[in-house]
Amino acid sequence: MHTEMVNSIHNKPQYLEYEYNFNWETVYFGLLLPAIPYQFFTLARMCYMYCKSKSKATLHLVPFTSLMMMGYSNLSLCIFDTLVFRLPSTGLLTVWCASSEPNKFLISLYILQLISTYLSVGSSLLFCVTRFIIHFIPLSYKKITAWTLLCGYVFILCFGIYASSFMFEGVGYCRQWDHPFSFGAVYISYAGTDQRHDPFFVPLTITGASFIVLFNIGVIYLGKKMAKTTNAGRRVYTDSAGKSLYYTTFAMIIPYLFHGILTVVSLYYPATSAYVILVRSPVTDFFQCSILALYNKHPMFQTKKTTPVAIIPLSNLS
């Protein structure tokens with residue numbers, strides 16, 4: 001049995017005649033909008049600084065690639081989350097949505113939002129796995145981590161497409177938010193599918209967050225062990241490096257735990273869905289931007305020249 005269009009605004013006179021007025025939703029989601037250009041320009045600057053550098057002594061290609069994969073995956077999640085949930089919530093697109101037939105374009109945006117969520121979780125986990133391998137076999141990590149990144153990212157992308165494949169036959173439409181959103185605040189949903197929800201989303205987001213914690217604990221353990229046995233290890237694993245490990249672990253898992261837990265809440269208590277997006281959006285943006293802000297302090301991305309030292313790539317800013 002195909003799913004129906006619940007709370008659809010399609011062809012309803014009150015939405016076709018809706019007049020946009022400046023509202024609190026515009027202010028709220030407008031304050032979150034700078035997260036997109038911040039992530040984009042920070043990632044672009046990091047790529048530019050890395051390519052411009054003549055020496056890759058402090059940051060080799062594999063850890064840099066894994067960092068960029070995580071950063072751009074997080075950026076894509078932010079963009080599609082804005083297009084599917086945040087921008088329509090302002091009421092700016094309500095009349096257009098109401099006058100448009102349910103279509104494949106809208107459901108394509110929803111599918112891309114789901115796939116980008118899987119890529120964000122998966123690339124963050126791959127970054128932690130890569131970092132763990134670098135600490136575990138510091139002298140021969142390059143080939144193993146390169147294949148891990150390639151195979152892992154392809155698998156995550158394919159799985160994201162598979163997980164969202166139940167929506168391929170459906171159509172997208174705009175749906176009115178429940179309280180506390182104003183009349184005319186809508187979001188993109190879907191109908192005409194054989195199932196209502198992706199059964200993999202909640203368990204995999206929570207599992208991914210758990211493995212991120214485990215691999216980062218492994219990095220902390222190996223870093224402390226190295227600091228006790230070698231001079232290079234003591235230079236790498238400083239107190240500040242340890243603190244950054246704890247913080248990035250926290251910053252990586254919080255958004256995905258929020259995604260998973262709040263999704264469960266909204267499934268069992270549908271009336272809370274509107275509150276879920278209000279909590280989830282700023283939490284996700286804040287922690288993903290703060291991770292980039294921290295890694296942007298790496299010596300490789302600073303304009304001031306520094307003296308290269310023999311260190312394990314990207315291990316002093318983990």
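Read-outs throughout are calculated quantities, based only on the coordinates presented, and are distinct from any laboratory measurement. What you see is a predicted model; the values in this text were computed from it and never measured. Methodologically, a virtual Cβ is constructed for each residue, glycine included, from the backbone with ideal geometry; neighbour enumeration extends over all protein chains shown.
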> Once a ≥ b ≥ c are taken as the square roots of the eigenvalues of the Cα gyration tensor of the stretch 36-190, is the result rounded (a/c under 1.5), prolate (a/b larger than b/c) or oblate (a/b not larger than b/c)?
Replying inline: prolate
> How far, in degrees from 0 to 90, does helix 35-52 lean away from the longest principal axis of the Cα atoms of the chain, to the nearest 10?
Replying inline: 30
> When the chain is modelled as a GNM with alpha-carbon springs shorter than 10 Å, which of M252, M46, M70 fluctuates the most?
Replying inline: M46
> What translational D, rounded to a whole number of µm²/s, comes out for the chain from Stokes-Einstein when the hydrodynamic radius is the Kirkwood one over Cα pairs, at 20 °C and 1.002 mPa s?
Replying inline: 102
> In the stretch 3-38, which residues have a backbone nitrogen under 19 Å from the label point lying 7 Å from S182's Cα in the Cα-to-Cβ direction?
Replying inline: 9, 14-33
> According to a simple spin-label model (label point 7 Å from Cα along Cα-to-Cβ), what is the distance in nm between R196 and F286?
Replying inline: 3.1
> Picking from S123, S210, S66, which is most flexible by a Gaussian network model of the chain using Cα springs under 10 Å?
Replying inline: S210
> Computed FRET efficiency, Cβ-Cβ of C151 and F40, R0 35 Å: what is it to the nearest 0.05?
Replying inline: 0.80
> Cα-Cα over 32 Å: which of K52/K225; K104/K297; K142/K224; K143/K225?
Replying inline: K52/K225; K104/K297
>> Quick check of the Kirkwood formula: for the stretch 1-93, what is the inverse mean of 1/r over all pairs of different Cα atoms, in Å?
In response: 16.8
> Helix 201-229 sits at what angle to the longest principal axis of the chain, using alpha carbons and giving 0 to 90 degrees rounded to 10?
Replying inline: 10
>> Show me the trypsin sites (Lys or Arg not before Pro) within the stretch 34-125 that DSSP assigns to loop and that have at most 11 other Cβ atoms within 10 Å of their Cβ.
In response: K54
> If each residue's Cβ is checked for other Cβ atoms within 10 Å, how do H10, H259, H179, H197 rank with the fewest at the top?
Replying inline: H179, H197, H10, H259
>> What distance in nm lies between label points placed 7 Å from Cα along the C-beta direction at E101 and V279?
In response: 4.0
> How big is the stretch 65-129 on each of its three principal axes, counting only the C-alpha atoms and giving the largest first in Å?
Replying inline: 47, 22, 14
> For the chain, which cysteines have no disulfide-compatible partner, meaning no other cysteine Cβ under 4.7 Å?
Replying inline: C47, C51, C78, C128, C151, C158, C289
>> Rounded to whole Å, give me the distance from the Cα center of the stretch 153-229 to that of the stretch 87-139.
In response: 8
> Among S108, S89, S73, whose mean-square fluctuation peaks in a Gaussian network model of the chain (Cα, cutoff 10 Å)?
Replying inline: S108
>> What does the extension gain come out to for F211 and L139, with contour length at 0.36 nm per residue minus their alpha carbon separation?
In response: 23.5 nm
